[in-house]
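Nothing in this text is a laboratory measurement; each read-out follows from the coordinates by a stated rule. Remember, it's a predicted structure, so these values are computed and weren't measured experimentally. Quick reminder, even Gly has a Cβ in these numbers, built from the backbone with ideal geometry, and neighbours come from all protein chains shown.
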Amino acid sequence: MRTIKKWWLVVSVLLLALGIRVYRLDEVPAGLYYDEVDLAYQARSLLETGRDYRGTFSPFYAWSMHDLKTPLPIYLSIPAAAIFSPGVLQARVTTALAGMAVVVLAALLTLKWSKDKRAAFLVGAVMALNPWLIQFSRIAFEAMFALMMYLGFLLAFFSWLKSKNVKTFYLSVVLLSLGVYSYRIMSFYVPLTFLMVGLVYWRDIIKVGVKHLVVGAAISGAIILPFLYYTAVETPDQTRFEQLSIFSDPLAPIYVIRGREVDSGDYLEETVGNRPVWYSYLFHNKGVEYLSSLKNNYLKSISTTFLFATGDNNLRQGMGKTGALLWIDIIGLAAGLFWLTKNIKRKENQLLGLWLLSSPLPADLTVDGANHASRLIMMAGPLLIIVGLGWWQIAKMLAKQKWGGFLKLVLAGAYLLVFLNVAHKYFVHFPLEAARWHGYGYQQAMLKIKEVEKDYDKIMLTNSNDPAMLYYLFWAQVPPKDVQEYGVHKLRHILD
């Protein structure tokens, strides 16, 4: 009883986060999107056969229909595959629990930084009610798993800083390194994090001793390097990277040539055999184009339009016309950034600032990543922690004022109303408006096919929307072993 009383704020945040993330989980979003079906079917295949549904045995990746998948979300979803029959809950319940874990880990991390339970509660509450995190906690995508692993690493690392227990140091290394198995963006962000942590805490890290540093580096290398080798060097879907990267943008050389033609004044004349003026090479080259693309993407990612107005316009990753943050959180963000800047000499604030500044980079290095809410998920962590800390500072300031208690109630009431408006949109309007984006109708269609297929010699499935074969395999409960034995390519020929 004493423990519950001591931790009631954190427990209340946990219950709030859990309630929002599991309420009508099997109905909202309506339908089950292709990637969710893929994850759920892979989990069932590993549970029943020990291999992915294409028959590949590898701890480093799962081979899906068209590309490689990071395996950690699939591994963590195996218990759900054992408990639930094939369906929405089997696919989504693990992600919902990961979303709840993100809220709790952020609250505990804030408690470790601030030594104030009110700060932990406010950070947890902000994250529990955030539309960005709610969206990705209720669909079986990789984003929540990446953020969960990262926050777990931070909590372990700061626990080590306090205790100096070398086992906790190793735990932090393992958690961060395993992050690459959660989401492809972490292949970039995990090495960057090692660099940022070393930059801020190098004095503390070298005190652990050469022996433990070497062991830690060996552990990290043993975890990360095989994944990078199999997914970046020998990957069957290397073209996927080439399609997404800003460095592979086919328009970049066209912009360079066009710019040089304009500089030379011959854009309206025949240019065969002509050479651009000498200074044109300085202003118009691929390097400049790549930097321009990165700059434009970065500014769009941190824009108030994305954060507070529209979010991701893709209804699979956003609610539509709803910011990634609640619009009222602009107050908390302003206060939090002011407090962070004022106290930047604190090392944890330096790391938090570096995390915030670097977090958009994995998304912004892709052509369509500027407002890609999934690839930007690492930005949600520092942003919402800073917002929560800002509200904490506002609450502390109001506590000293004569009418502070009343004003805190007004702000809390306004915050609740803003959230309820978003919640109404999400649970009432969003299921209808975004049904097409989340594969609504495939479950009903495949179950109908299963019911009547014995009456027909052939049933044709169209790929005009999403590839239909995987939906059939999942909803018709075709055993993954049969798929492995028969072969995906043969099934694709028959069913597509």
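Annotations for the structure displayed:
- Cβ crowding within 10 Å ranks I205, I219, I74 as I219, I205, I74, fewest other Cβ atoms first.
- In loop segments of region 352-436 as defined by DSSP, the trypsin sites (Lys or Arg not before Pro) with at most 11 further C-beta atoms inside 10 Å of their C-beta are K400, K402.
- With contributions of -39500 (n - 2.57) from each DSSP H run of at least four residues, the per-residue ellipticity at 222 nm computed over the chain stands at -20000 deg cm²/dmol.
- Neighbour cut-off at most 13 other Cβ (10 Å), DSSP loop, chymotrypsin sites (Phe, Trp or Tyr not before Pro), region 406-496: Y456
- Whole-Å distance, taken between Cα centres, linking region 169-196 and region 37-57: 25 Å
- Put a plus charge on the Cβ of each Lys and Arg, a minus charge on the Cβ of each Asp and Glu, and nothing anywhere else: the dipole of the chain about its Cα centre is then about 3040 debye.
- Loop-located trypsin sites (Lys or Arg not before Pro) across region 184-229 with a Cβ neighbour count of 11 or fewer within 10 Å are K207, with loop assigned by DSSP.
- Cα gyration tensor category, rounded, prolate or oblate, for region 94-242 with a/c compared to 1.5: oblate
- Cα gyration tensor category, rounded, prolate or oblate, for region 401-496 with a/c compared to 1.5: prolate
- In the structure shown, the pairs K112/K396; K112/K167; K112/K211; K162/K345; K342/K396; K69/K458 are assessed against 21 Å; a Cα-Cα span above that value is assigned to K112/K211; K69/K458.
- Highest-first arrangement of 353-363, 275-285, where packing means the average Cβ count within 10 Å: 353-363, 275-285
- Gyration tensor verdict on region 367-438 (Cα atoms; rounded if a/c is under 1.5, prolate if a/b is larger than b/c, oblate otherwise): oblate
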